[in-house]
1. Kindly provide the set of residues from the range 91-106 that are open to solvent by 50 Å² or more (accessible area, probe 1.4 Å) and modelled with pLDDT of 90 or more, ordered by number.
2. Please determine, by comparing only the residues of the range 208-232 that are farther than 23 Å from Ile141 by Cα and assigned to a loop (DSSP other than H, G, I, E, B), which one is least open to solvent (accessible area, probe 1.4 Å).
3. Do we find that Gly87 is among the small types (Gly, Ala, Ser), within 20 Å of Arg122 (Cα to Cα), under 36 Å from the mean Cα position of the chain (by Cα) and modelled with pLDDT under 85 in this structure?
4. For the range 305-321, which positions are buried (at least 19 other Cβ atoms within 10 Å of the Cβ) and among the β-branched types (Val, Ile, Thr)?
5. Considering only residues that are open to solvent by 30 Å² or more (accessible area, probe 1.4 Å) and outside any helix (DSSP H, G or I), which ones fall in the range 269-290?
6. Is it true that Leu116 is crowded, with 19+ Cβ neighbours inside 10 Å and under 24 Å from Phe219 (Cβ atoms)?
7. Is it fair to say Thr293 is farther than 30 Å from Tyr328 by Cα, open to solvent by less than 70 Å² (accessible area, probe 1.4 Å) and in contact with an Asp or Glu (Cβ under 6 Å, 6 or more places away or on another chain)?
8. With respect to the numbered conditions (1) open to solvent by less than 20 Å² (accessible area, probe 1.4 Å); (2) under 24 Å from Lys53 (Cα atoms); (3) part of a loop (DSSP other than H, G, I, E, B), which one is the sole condition not fulfilled by Arg126?
Amino acid sequence: MESKMSKSELYLASTKEEQQFYDDVRSILQTARNSAYKSVNSIMSKAYWDIGKRIVEQEQNGTDRAKYGDYIIRKLSKELSGEFGTGFSIANLKNCRQFYRTFPKDSIGYTACSQLSWSHLRNIMRLDSEEERNYYIQEAIRGSWSVKLLERNIKSGYYRRILSTQLQDLSAENYEFVKDPYVLEFMGLPENYEYKESELERAILSHIQRFLLELGRGFSFVARQMRISTETSDFFLDLVFYNYILKCFVIIDLKTDKLTHQDIGQMDMYVRMFDDLKRAQDDNPTIGIILCTDKDETIVKYSVLNDSKQIFASKYMTVLPTEEELAYELERNQSMLMDNVSQTKE
């Protein structure tokens, strides 16, 4: 037999104020836990840097530094593991040493100790380029990237794919958002599967959050199959986004085959129409990106893509590329970019 609730219990259970009270307490505890986690992360990352420094200093005392360095790390691991647990394996102590060597005290990486976890920093410090390391540090902090997302972006060459569309290194604030290629492995489309544009669009919309992360900072989704109407015709834009950093709309046209001059002409028309019919007075000029499976150097060179600041064409890949495949694509993009610049100067 169910027990009857008292009047006071009935009143409390039936009010929104009661539920708000519980939610507030949960929020307080969650905030405290998150702060404690970040504080511990910061303290431990700083401790790992200090350990790395002491290891390097101690190694310098050995006559044969290579052999002595291996010996001292093995001995230190044995000393610490018994007292502090498994976090001080030989491999992790070598990471501490590399951490100290990679990030001097006045570097961006050292400063990031207070904002990124040890797992973040351990992934970043394996990169050879200081510019690339600094880029991932800054973006991971700005975007609150998880370790998994950081690993994915490093593996897919996120930084290098942006860099391949430019002639100079990326600075802290000045870099283009257009990548080439875009890596869309999260959609789950097989590499050799012949899908329709509508299927590609559905796959993107099913993973819109991850697609926004691949696009970069500042993007928000606006519409799919947006209709633009003139006095005589209706046109439908595959995907429309807005970038609040660039303060402009971004139209994406999806293609399941190689780029053609018709695709470029169509996007040129879309951008002009959108600017005329949809763009607000305080918006910057609209940008159009054609996503295709491949590009022809001749079409890129002798089309409006060559000197347009509003229209771009990028290849997309439905699986994570190997290092060799990525290197080939990046080298090809840089070559096309240099050819276009040379042609413009002539």
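The values are calculated or read from the model by the stated rules, or taken from the named source; none is laboratory data. In this text the structure is predicted, and so the values were computed from the model without any measurement. With ideal geometry, Cβ positions are generated from the backbone for all residues, glycine too; neighbour counts draw on all protein chains shown. With ligands, DNA and RNA removed, areas are computed over all heavy atoms of the protein, side chains included. Shrake-Rupley method; radii C 1.70, N 1.55, O 1.52, S 1.80 Å.
1. Matches in the range 91-106: Ala91, Lys94, Gln98, Tyr100, Arg101.
2. Ranking the qualifying residues of the range 208-232, first place goes to Thr230.
3. Working: among the small types (Gly, Ala, Ser): yes; within 20 Å of Arg122 (Cα to Cα): yes; under 36 Å from the mean Cα position of the chain (by Cα): yes; modelled with pLDDT under 85: yes.
The answer is yes for Gly87.
4. Ile311, Thr318
5. Hits for the range 269-290 are Lys278, Arg279, Ala280, Gln281, Asp282, Asn284, Pro285.
6. yes
7. no
8. Status for Arg126: all satisfied but (1).
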